[in-house]
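Structure first, then comments.
Taken together, the values in this text are just the output of simple stated rules run on the coordinates, not laboratory data. Here the structure is a predicted model, which means the values were calculated and not measured. When we count neighbours, we look across all protein chains shown, and the Cβ atoms used for this are built from the backbone with ideal geometry, even at glycine.
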């Protein structure tokens, strides 16, 4: 199975990480429905989607060694910390070749 999306919650603020594209060209993107605010308190939220550079080599030995190992949660980069610590729902895909192979 292949992880393709994670919904994270911190207090009452949800964000998500999703894979965009396929194969080795796939990129992780970050979605935040409350990234910016227009019109003050009674205004509206402006959602934002951006490439999440912190997860491009997700779960690689290099990422673990350089970004995660021996660090506290507070020392992690913000998006990486959200992904690791605030994960609430994880979505997996079964590639076609694994399902019928």
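From least to most packed, judged by other beta carbons within 10 angstrom and beginning with the fewest, 2, 67, 41 follow the order 41, 2, 67. Per residue, the chain reaches -2500 deg cm²/dmol at 222 nm when only DSSP H runs of four or more residues are counted, each adding -39500 (n - 2.57).
Using C-alpha pairs under 8 Å with a sequence gap of at least 6, the mean separation divided by the residue count of segment 2-99 gives a relative contact order of 33 percent.
As a proxy for reagent exposure, 69, 19 were ordered by neighbouring Cβ count within 10 angstrom, fewest first; the result is 69, 19.
Take the Cβ atoms of residue 88 and residue 65, set R0 to 25 Å, and the FRET efficiency comes out at 0.40.
Taking 35 Å as R0, compute the FRET efficiency from the Cβ-Cβ separation of residue 3 and residue 44 and round it to 0.05. In this case the efficiency is close to 0.65.
For 81, 37, the sequence from fewest to most other C-beta atoms within 10 Å is 37, 81.
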